[in-house]
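Okay, so here's the structure we're looking at.
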Amino acid sequence: MSVDFATCPSIPAMFLAQAARLGEKPLLGAKHDGHWRYLSWRQTAETALTLAGGLVRLGVEPGDRVMLVSENRPEWAIADLAIMIAGGITVPAYVTNTASDHLHILENAQARIVIASTLALAEKLMHAAARASHPPTLICLEPPNLAQAPSFAVLSWRQALAMGDGTQAEMRTRAASLGRNDTACIIHTSGTGGAPRGVMLSHGALLADCLGADALLQDLYAGDELFLSFLPLSHSYEHTVGLIFPLSVGATIAYAESLEQLAANMAEVRPTIMTAVPRLYESMRARILGALHRQGGFKEKLFLAAIRLGSKRLNGEPLSFAERLSDLALDRLVRAKVRARFGGRLKALVSGGAPLALEVGMFFAALGVRILQGYGQTEAGPAISCSPPAKVKLDTVGPPLKGISVRIAEDGEILVKGEVVMQGYWRDPVSTGQSIDADGWLHTGDIGQIDEDGYIRITDRKRDIIVNSGGDNISPQRIEGLLTLQPEIAQAMVHGDKRPHLVALLVPAEEYTAADVGRAVERVNSSVSTIEKIRRHAVTLEAFSTDNLMLTPTMKIRRHVIRQHYGEELERLYR
């Protein structure tokens, strides 16, 4: 059962009302010592209220920022709720951040307190805190071993909870004072084009986004919803869709152990809904096809037949009587086994964060796994649109969610309006004014179209469009998508702004050589227009990753970082 999103005043009000209603129902789950253990709604509420009291005793006033640095786990959700109950503003940060990244966010947000999980994260944050102009108090789930007392206070999670003993009634009163216009969180953009900026999202923005998601998925609910969370909660997509939204519909949330254990975790907890970015689906498709190719034989033929007939059916092409019989048989022989790999209860995979290649979406849909492609950005809550389960159009990102207005500007840019739109960039009125016009329309920076059914089709990023020396506009994301669909290519970056033709920097997939990559480029070149052809390419064995800062935590390439690192090699391709 969901809440009344239109009248609910805040996230804490929504959560506490749900906790009072659901009591002992499991809410937050994690795997310990080989077993999944869950905290109930009641336990979660009591701990969040107590921690909120501890934060207030440590000096948190309404509007103060509290930084949260942790991998996905129950304590992340508890800390987020506690910060908001106390009237504070949650400032999540990625666990992959460097000490310099943490220092930037600390200084930008002027955080009073930092909550960290592991010992390694705590130590990295201590280096940042020691250099901060106003060192914060550090609360650690795993307290560091201190050889020397730092210049700032360091407490354990247990100490912070102990400070909040006996404050639950007081914290309920404090939570009740919050309104929809109060800022709930400041989420820093992942920085594909430079230093991250803090996006201020109100309680009302998050609730409005949940209203849209609830209206979209209402027909799928059966009262036993379980979300498996593995995308970083520090990203707005997972924060809203993987935490706030499940809370609003009374679902259970299980936290995956890691990306490597995701497949095993799916089989164990049997989720009903999952969110992911396109890169995960691309990787899963490549692994499945690679394993089938190596195995060969009758199993590969059955699998490919299931994809072929499923795709034909999805495209509205008629199936002969024999094909219909085969398709029914393949549903039992192939698709049922695929569904079982996802736990057997999955109603939908929601894809967001970047455009999903049509071939990838069709691959899973043909195998009986429903993918709902959505679209959004941090500055809009973040969800803007999504395909409804009853009418999926895989070449689009669906119509706008309920309560959100979308229009296309004269230059093709997608503009968004509604309560979901951010309050602005924290301490950056100039950038805020550049992003939100006088009429309240958010300029997304994405280029798109709206079809006859009201579905949005994304064609490119406004600032990523390559304009070659001949004046032609070229979408690098489209070419990169075609390249990474080839089994030989794991990652790609296309380059060529103000140049006569395109070149590319390519990372080969495992077990493939530079010669294999060259043949893959030839295949892509045979399918694109003259101006889209890759004339020369370079191969690098170093993958784009979050460790080398060439990928954002949501797996988008950071073009400016890659160009800085490989600038000379890219220049040589034009000689």
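Over the Cα atoms of segment 195-301, what Rg and Dmax result, in angstrom?
17.1, 56
With each run of n ≥ 4 DSSP H residues scored as -39500 (n - 2.57), what mean residue ellipticity at 222 nm is computed for the chain after dividing by its residue count and rounding to the nearest 500 deg cm²/dmol?
About -11000 deg cm²/dmol.
Normalised radius of gyration for segment 285-420, please: alpha carbon Rg relative to 2.2 N^0.38 Å, two decimal places.
1.25
Which FRET efficiency value, to the nearest 0.05, is calculated for E359 and D516 with the Förster distance at 25 angstrom and r the Cβ-Cβ distance?
Step by step, r from the Cβ atoms, then E = 0.80.
What number does segment 437-494 give for Rg over Rh if you use C-alpha atoms and the Kirkwood radius?
1.09
With a 10 Å Cβ neighbour count serving as the proxy for reagent exposure, in which order, fewest first, do C386, C8 appear?
With the sparsest Cβ surroundings first, the list reads C8, C386.
Can you compute the radius of gyration and Dmax for segment 465-572, using only the Cα atoms, both in Å?
In Å, with Rg to one decimal and Dmax whole: 13.1, 39.
Beyond 25 Å, what share of the Cα-Cα pairs of segment 46-185 remains, rounded to the nearest whole percent?
Working: 1882 of 9730 pairs.
Roughly 19 percent, rounded to a whole number.
Based on DSSP H assignment, which helices of the chain show an axial Cα extent of at least 20 Å together with a mean Kyte-Doolittle hydropathy greater than or equal to 0.5?
203-217
Pairs K393/K498; K301/K347; K31/K417: which are spaced more than 29 Å apart, C-alpha to C-alpha?
Details: K393/K498 35 Å; K301/K347 27 Å; K31/K417 41 Å.
In this structure, K393/K498; K31/K417 exceed 29 Å between Cα atoms.
Find how many whole Å separate the alpha carbon centroid of segment 389-437 from the alpha carbon centroid of segment 81-147.
What the calculation gives is 31 Å, centre to centre.
On the Cα set of the chain, report Rg and Dmax in Å, please.
Expressed in Å, the Cα Rg and Dmax of the chain come to 24.2, 78.
Among DSSP bridges having both ends in the chain, what percentage is antiparallel? Round to the nearest 5.
Restricted to the chain, the bridges split so that about 50 percent are antiparallel.
In segment 481-550, what trypsin sites (Lys or Arg not before Pro) fall in a loop by DSSP, with at most 12 other Cβ atoms inside 10 Å?
On the way: sites: K498, R519, R523, K533, R535, R536; in loops: K498, K533.
Taking segment 481-550 and a limit of 12 other Cβ atoms within 10 Å, the loop trypsin sites (Lys or Arg not before Pro) found are K498.
Under 18 Å between alpha carbons, and skipping anything fewer than 8 positions from K299 in its own chain: which lysines qualify?
Cross-link targets: K337.
What is the order of T252, T189, T484, fewest Cβ neighbours within 10 Å to most?
T189, T252, T484
If each residue's Cβ is checked for other Cβ atoms within 10 Å, how do W41, W76 rank with the fewest at the top? Don't jump to the answer; show the numbers that get you there.
Details: W41 23, W76 26.
Going from least to most buried by this count: W41, W76.
Among 44-50, 350-356, 556-562, what's the highest-first ranking by average C-beta atoms within 10 angstrom per residue?
Values: 44-50: 22.7, 350-356: 24.6, 556-562: 19.1.
Highest to lowest by the protection proxy: 350-356, 44-50, 556-562.
Can you give the local net charge around G164? Use residues other than it whose beta-carbon is closer than 10 angstrom to its beta-carbon, Lys and Arg +1, Asp and Glu -1.
Numbers: positive: R57; negative: D165, E170.
Overall, the nearby charge balance is -1.
No lab work stands behind these numbers, since they all come straight from the coordinates. Everything quoted here is computed from the prediction, not taken from an experiment. Quick reminder, even Gly has a Cβ in these numbers, built from the backbone with ideal geometry, and neighbours come from all protein chains shown.
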